[in-house]
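The values are calculated or read from the model by the stated rules, or taken from the named source; none is laboratory data. Because the structure is a prediction, the values reported are computed rather than measured. Because the Cβ atoms are built from the backbone with ideal geometry, glycine has one as well, and the counts that use them run over all protein chains shown. Accessible surface is based on the protein model in full, side chains and every heavy atom, while ligands, DNA and RNA are left aside. Shrake-Rupley method; radii C 1.70, N 1.55, O 1.52, S 1.80 Å.
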Amino acid sequence: MDKIFNHRTLIALLVVFALVFPLIYADNRYVLHVMTIGFIFTISVYGMNIIAGFTGQLSLAHAGFFAIGAYSLGILTTRTEMNFWLALLLAVLITSAAGLLLGAIALRTKEHFFAIYTLIVGYLIYLLIDKWDGLTGGIRGLIGIPIPDPIGPLNFESATAMYYLVLFFLLLSIFIAVRIVRSLTGRTYIAIRNSEELAQTLGINTKVNKLISFVISVAYAGLAGALYASLTRFIGPDVASTNMVFNFLMYLIVGGIGTLSGPLVGTMLFVWLEQFLRSYQEYHLLIFGPILVIMVIFFPTGIVGGFYRIKAKLQQKKVPKDNKYFNPVPAKSTKK
Amino acid sequence: MDLFLQQVFNGLTLGSVYTLVAIGLTLVFGILHIPNFAHGALYLVGGYVTLMVMSATGVHYFIAIIASIVVVAVLAVLMERLVFHPLRNSPPIHDKIAAIGLVLFFEALVQLVWGTEYLRMLTPFDNNISVAGVSMTSQRILVIAVTVAVVFLLTLFLKKTMMGASILAMAQNREGAFLVGINANKVAMMTFAISGALAAIAASLASPINLVFPAMGHLVILKAFVVVIIGGMGSIPGAIIAGLVLGLTESMGATYISNDYKDMIAFLLLIIIMTVRPKGLFAKGVY
C-alpha cells in the first residue's frame, strides 16, 4: 500500500514542479522555451512508444507524421487563416488519416520489412515537403505561423502561457497513454509484441489492433508536430528528416522503450543534455551514437527499465529477512 | 537516340554502384538476418578514406582504394564483433536500433575529422571518350568495368572456395550449416568483411562523380534497401538485376520525367512493390 502511495506522491510532486517551474524562471524565456520543446518532443515519443514499445512494430516514419502535423497546421493557419483551434484539430485528424492509410498498407509487412518500409515512407515525406514548393514553401519553409488564438480571457502571447498550454497537452497525452496501456487494449498490444502468432491463436485480431495502435501513435506525432509549428512559428523540411526520427528513437531507447515513464525521462534528459553540450552541437552524436548502442546491448529497457530491474533485485534480497510470507527460494541459496 | 543511349550508359554506371552496395547488404541479411542500416556508414567512411589517402600521401587512385577496402573491411568486422554479435539473441528491433546508433556515430566522426564541406575526388580517369555519339568519362567506364570484375570474382569466391561455400551454406540453411560443423563466427566475420569491402569499392568508384560529403551514405543506403527488397533479401543475382534496373529507371526518369523528382522514383517503386507484395518480389518466403 505504501508503495502506491510513494508512486502517487512522486507523480504529484512532478506535476507540481511542472506547474511551479515557470514561476521560478519567469524572466528566463530561454529555459521555458527549451522546456516547452522538450514537452512537445515527449508527446511525440509517447506516440512512438505505443507502436514500437508496446505493439513491437518499429515505425521509422514517425518524423514524417510529426511533419505532416506541423505542416497541416502551418498551411491551414497561414494560407486559409483558419482559427487556430480548428486547425489544430484538423491537423491531428489529417495526420491520423494519413496514418490510417499508410498503416493499412505498411502493416501487412513484418519486422525488418516494416522498419525499412516506414523508413522509406518517412524519407519520401521529407522529399515531398522539400520539393513541393507550391504547397510547403520547399526548402525556404513556412514562415509566420500564428500563435494560438485567445480563448476568452486566456491569450498565448507569453512564453509562460505557451508553456502551460503544451503542459496541458502533455499531461493529457500521458494520461491517455497510461489508460490505454493499463486497459485490455494495452494488454492486447503487449501480447502482439510478445508473439503475434500466439496472440492470433488466442483470438486477437492482430491486424485491426496493430492498425489502431499505429493510428494512435501517429495522432500523437501529429499533435506534437502541430504544437511545435505554433511554438517555433517557423518550420522547414528538416522536421521530417531521418535525423529527427533517430532522435525520437534515441530518447525512447535511453528513457526506456515499453515503459510508461521512459519517454518523459529520456526526452527531458536528452533535450537538456543537448543544451548543455550546445558548443559541441555537431559532435554530440559522437557520444550519443555509442550510448544508443551500449544501451541496447546492456540495458535494453533503458533507464526506467533498468531502475525497476535493480529495484526488483534489491527487494528479492530483502525478502528472507522479514520472512512473513511463503518464500519459494530456500533461505540458504539467497544468502550470499 | 543519342540521348537515349547516353542515358542507358549513365543508368548502367549508377546501377553498378547500387549493385555493389546492395550485394553487401543482401549478403549480411542472408547470413545474419540483420537489415544493416549502418551499411551507409561503411560506404561513407570508404569514400573519405580513399580521398584522404590520395591527398595525404599522393599515391595512385587504385592504391588508395585498396587501403580503403582494408580499413572499411576491418571496421565492418569490428562492427560485427562489438555490436551485432552480442545482440544475436535479442529481439530484432534491437539490431536496427544499434545500427542507427552506429550511423549517428560515424556521421559525427566524419564531420569531426574532415569537416562538413563537399570535397572533390580527382582521379586520373577524368578524360572524355566519345563512342557512337555517346560521350563518357573514363571514370564511368571504370565503374562499370570494376563492378563486373568484382561481381565475377565474388561469384568465383562463393562457388569455388570452401569459405565461400560455407557462406552460401549458412545463407541457405542455418541449422544444416551448423550440423556439418561450419563456424558461425568465422562466417559472420567474413561476410561483414566482404560487405565492407564492397561498400568501400562502391564509394571510391562513385565519389569522383558524386563528390564526398558527410551525408553521402543516406540516399545510397536507402536505394540499396530498395534494390535488396526488389531483388529478394539474400539473393545476389537479384541484387545485380534490381540494381541495374533501378539505375536505368532513375536515369531515364531524370531525363524524360523530372530531374527534381528523380530520387523519389526509387522509393515510389518500392512502395508500390511492397504494397502489392509485402515480402518483396522474388521473396523465398522463409525469413
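What ranking of B:LYS96, A:LYS131, B:LYS160 comes out by heavy-atom accessible area, probe 1.4 Å, highest first?
Heavy-atom accessible area, descending, gives B:LYS160, A:LYS131, B:LYS96.
Per residue, how much accessible area does the stretch B:74-186 have with a 1.4 Å probe, in Å²?
Computed with neighbouring chains in place, this is 54 Å² per residue.
Taking each residue of B:265-276 in turn, how many C-beta atoms of other protein chains fall within 10 Å of its C-beta, and what is the average?
3
Please compute, for peptide B:177-187, the average count of beta-carbon atoms on other protein chains lying within 10 Å of each residue's beta-carbon.
The shielding value for this peptide is 0.
Any idea how many Lys pairs in chain B come in under 28 angstrom at the alpha carbon, given 8 or more places apart or on separate chains?
16
Under the rule a/c < 1.5 gives rounded, and otherwise a/b versus b/c splits prolate from oblate, where does the stretch A:12-300 land using the Cα gyration tensor?
rounded
Enter the accessible area per residue of chain A (Å², integer; probe 1.4 Å; all protein chains in place).
Spelled out: the 1.4 Å probe surface of chain A, per residue, equals 49 Å².
What's the buried accessible area, both sides, between B and A using a 1.4 Å probe, rounded to 100 Å²?
For B against A, buried area totals roughly 3900 Å².
Please determine, in degrees from 0 to 90 and to the nearest 10, the orientation of helix A:29-48 with respect to the longest principal axis defined by the Cα atoms of chain A, where the helix direction is its Cα long axis.
The helix A:29-48 is inclined about 70 degrees to chain A.
Would you mind working out the magnitude of the charge dipole of the stretch B:49-206 relative to its Cα centre, with +1 at each Lys and Arg C-beta and -1 at each Asp and Glu C-beta, to the nearest 20 Debye?
Dipole magnitude for the stretch B:49-206 comes out near 380 debye.
How large, in percent, is the carbon and sulfur part of the accessible surface of chain A at a probe radius of 1.4 Å?
Accessible surface attributable to carbon and sulfur in chain A totals 67 percent.
If you fit an axis through the alpha-carbon atoms of helix A:302-318 and take the longest principal axis of the Cα set of chain A, what angle between them do you get, 0 to 90°, nearest 10?
20 degrees
Non-local amide H neighbours of B:THR137 (under 5 Å, H modeled in plane, Pro and chain starts lacking H): which ones?
Sorted by chain and number, the residues that satisfy this are B:ILE129.
Need the C-alpha centroid separation for the stretch B:138-216 versus the stretch B:28-98, integer Å.
12 Å
Could you state the angle between the C-alpha long axis of helix A:159-182 and the longest principal axis of the C-alpha atoms of chain A, as a value from 0 to 90 degrees rounded to the nearest 10?
Computed tilt is about 50 degrees.
Check every DSSP H run in chain B and write down those whose alpha carbon atoms cover 24 angstrom or more along the long axis and whose mean Kyte-Doolittle hydropathy is 1.0 or greater. Numbers along the way, then the final one.
Working: long enough: B:2-32 (45 Å, 1.50); B:39-57 (27 Å, 1.17); B:61-79 (27 Å, 2.97); B:92-114 (34 Å, 1.38); B:138-160 (32 Å, 1.75); B:184-210 (38 Å, 1.19); B:236-256 (30 Å, 1.25).
Sorted by number, the helices that extend far enough and score high enough are B:2-32, B:39-57, B:61-79, B:92-114, B:138-160, B:184-210, B:236-256.
Counting only other chains, and only Cβ atoms inside 10 Å, what mean value do you get across the residues of A:121-129?
Mean partner shielding for this stretch: 3.
Rounded to the nearest Å, what's the spacing between the alpha carbon centres of the stretch A:63-137 and the stretch B:228-281? Just the number, please.
Taking the Cα centre of each part, the stretch A:63-137 and the stretch B:228-281 sit 23 Å apart.
How large is the dipole of chain A about the Cα centre if only Lys and Arg carry +1 and Asp and Glu carry -1, each at its Cβ, rounded to the nearest 20 debye?
The calculated dipole for chain A is roughly 1820 debye.
When the helices in chain B are scored as -39500 (n - 2.57) per DSSP H run of 4 or longer and the sum is shared across all residues, what 222 nm value do you end up with, to the nearest 500 deg cm²/dmol?
Counting only the DSSP helices, I get -25000 deg cm²/dmol.
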